[in-house]
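The values are calculated or read from the model by the stated rules, or taken from the named source; none is laboratory data. Only a predicted model underlies this, so the values are computations on that prediction, with no experimental measurement involved. With ideal geometry, Cβ positions are generated from the backbone for all residues, glycine too; neighbour counts draw on all protein chains shown. What goes into the accessible areas is simple: the full protein's heavy atoms, side chains included, and nothing from ligands, DNA or RNA. Shrake-Rupley method; radii C 1.70, N 1.55, O 1.52, S 1.80 Å.
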Amino acid sequence: LAQVFLLPAMPAFTVVEGKTKHEVDLPPTTTFGELRKHVAQLVPCKVEGMKLLCKGKNRTDAETLEGAGVGPGAKIMLMLAPGSKLAAPAAVAEPAPAAKESKTAEPEPVEPVEVVAPGDGDRLSAVIRQGKRRFHVSIPATATVGDLKAALAPAAGVAAGYHRLMGKGKERQDAEALSTVASTSGKLELLLMLKEGHWVEEQGRAWMEEQRAELDRIEEQLVRIEKRKKHRGPDGAEAGVQAREELSLVEALQHGVDIVPVKGELLPEMKALKDRMKNVADRLQVIMSAPL
């Protein structure tokens, strides 16, 4: 009888994305380029916007799992640049049974949002369209386009700096008087669009929330490790091993905040996040350097 030799299976490792963990079982000769394509099917996301961090380093496509030292229970951090995550495919709805009488469905009316800007004297009435949403705005006749954006921002839920107001076929500038933007009949109707930077910032904010959640988990684990380190013997030695594992994750997080660009209102939040990461890393280094 022919002998059959079975190669040992690669122990499962974990790809961590924020609070989500994906168990992956691939051969040790798998390259990180192949792993990216595999992970893109799990998340899903754009391969080109993905960074896989192992032992604090962003791994290149040509490197193999074996070469990077990915072993049993290893953790690989998945970092996604803002805009890289894709929407989950929509569920396919089953066709509804045919009705006896075919009638064209009418869209449900959307209740307009009333906005009253502060100010005295004569006023203008404006209708602002944003998709299915409608805003009916009452604003002083002397107001500018910039004033209208400021009044509209709380109701729209988007900072005025991200507004684009289109009227008479072009984008209106903040300094323009609303009275000059109105049509010859006196109607003031504008289309509200959002600048691309708004979506980038929203995705950047979501990314930062994921990093905070992971750092919260590491800080909780750190408290337990510090307590175990106070004991001599096996508990103290195991605490050092755990500290090393958690430190590799913190280093991966630190690498992520260095490569993900944020600006504007998110800059102070990013600085606070970096400071927290440094504090955790320093505490873990102390545990690792303490005598057993």
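Observations, loosely collected:
- The label-point distance for GLN41 and ASP120, in a model that sets each label 7 Å from Cα toward Cβ, rounds to 7.0 nm.
- Close amide H pairs (under 5 Å, H built 1.01 Å from N) link ALA74 with THR14, residues at least 5 positions away or on another chain.
- Put simply, the amide H of ALA141, placed in the peptide plane, has neighbours under 5 Å in ASP122, ARG123, LEU124, leaving out anything fewer than 5 places away on its chain.
- Solvent-accessible area of GLU209 with every protein chain in place, 1.4 Å probe, in Å² to the nearest 10: 100
- Checking the Cα-Cα distances for LYS51/LYS271; LYS21/LYS195; LYS230/LYS271; LYS170/LYS271; LYS37/LYS57; LYS132/LYS168 against a 27 Å cut-off, the pairs over it are LYS21/LYS195; LYS230/LYS271; LYS170/LYS271.
- The slack in the chain from GLU245 to ALA213, taken as 0.36 nm per residue of separation less the alpha-carbon distance, amounts to 9.8 nm.
- With the simple model of a label 7 Å out from the Cα in the direction of the Cβ, LYS168 to ASN279 spans 5.5 nm.
- Spin-label pair GLU265/ARG129, simplified geometry with 7 Å Cα→Cβ offset, distance in nm: 2.8
- For LEU124, the shell of other residues with beta-carbons less than 12 Å away shows a net charge of -1, using +1 for Lys and Arg and -1 for Asp and Glu.
- Size of the stretch 111-152 as Cα extents on the principal axes (Å, biggest first): 31, 18, 12
- Near PHE135, once Lys and Arg are set to +1 and Asp and Glu to -1 for all other residues with Cβ below 9 Å from its Cβ, the sum equals +2.
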